[in-house]
Amino acid sequence: MAKKIVVINGSPRKGGNTERMIDAFKKKAEGNGTEVVTFNAATSNVGGCHACETCFKSGKACTYDDDFNTIAPDILDADGIVFACPTYWYSFPGQIKNVIDKLYSFCIGEKDIAGKKCALICCCEEDELDVMDGLSKPFDRIAALLKWDVVGKVLIPGVLEVGAIDKTDGCNQAAALAGKF
Ligand SMILES: Cc1cc2nc3c(=O)[nH]c(=O)nc-3n(C[C@H](O)[C@H](O)[C@H](O)COP(=O)(O)O)c2cc1C
């Protein structure tokens, strides 16, 4: 059976740096025969976790029904998950953070999600790699808690405007990442 990877896109910018890296990843992964499902967290309606701890009791992952419930079955089903986003204020953009927060539903709902592979694709304007520490370090802890295996990270500093990623190695790195799943 073909492998399945879910890519969560946390950038609202159409044709932006994150989206270009996702496209490069997707092209390579699909070329390898992998099914890629992309979820645009930034243009979807995913609210914050209410900590009601009634996850899956209504039959859906989240009792507060929103677009997380459309991607939750794919996440459950996937062999790999990629989080892709720009850096916003040294951290995750709010839209993708809401998706991350709702991964809690799999813990409360006692779903067996251990053993998945995961990766992070990220970029920022400033030139230093550690600008992305606020995403990279939590990502490692999140993966460890979920018992997911981090297969790689593409962290590209120094990109501000749409298209700036094309002057870096970001899209090549994103394509190479596809081979790690
Ligand atoms: C709300 C907001 C906050 C940002 N915060 C940071 C930041 O803390 N550090 C940084 O280097 N770049 C920051 N940026 C710049 C973006 O990370 C950068 O432009 C990135 O290339 C955008 O990726 P995209 O084209 O995929 O949206 C911020 C941009 C926005 C819109």
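General observations
- Taking each DSSP H run with n ≥ 4 as -39500 (n - 2.57) and averaging over every residue of the chain yields -10000 deg cm²/dmol at 222 nm.
- Look at the Cα gyration tensor of the chain: its axes a ≥ b ≥ c give a/c of at least 1.5 with a/b over b/c, and that counts as prolate.
- Where a label projected 7 Å from the Cα of TYR104 along Cα→Cβ would reach, residues of the stretch 14-53 with amide N under 14 Å: 47-53
- Short-range pairs are left out: with C-alpha atoms under 8 Å and at least six residues apart, the relative contact order of the stretch 55-181 is 24 percent.
- Sites ASP166 and ASN45, calculated FRET efficiency, Cβ-Cβ separation with R0 30 Å, nearest 0.05: 0.45
- Burial ranking of peptide ranges 63-73, 144-154 (average Cβ count within 10 Å, highest at the top): 63-73, 144-154
- Segments 3-13, 122-132 sorted - mean Cβ within 10 Å per residue, highest first: 3-13, 122-132
- Neighbourhood net charge (10 Å Cβ-Cβ; Lys/Arg +1, Asp/Glu -1) for PHE39: -2
- Cα long-axis angle, helix 133-146 against the chain (0 to 90 degrees, to the nearest 10): 40
- √(5λ) per eigenvalue of the Cα gyration tensor, the stretch 1-103, largest first, Å: 24, 19, 9
- Neighbourhood charge, 13 Å Cβ-Cβ cut-off, centred on LYS117 and excluding it, Lys, Arg +1 and Asp, Glu -1: +4
- Partners of LYS97 within straight-line reach, counting lysines whose Cα lies under 18 Å from its Cα and excluding those fewer than 8 residues away in the same chain: LYS137, LYS153.
Computed from the coordinates by the stated procedures, all read-outs in this text should not be read as laboratory data. Since the structure is predicted, the reported quantities are computational estimates derived from the model, not experimental observations. Ideal geometry is used to build each Cβ from the backbone, glycine not excepted, and the neighbour counts take in all protein chains shown.
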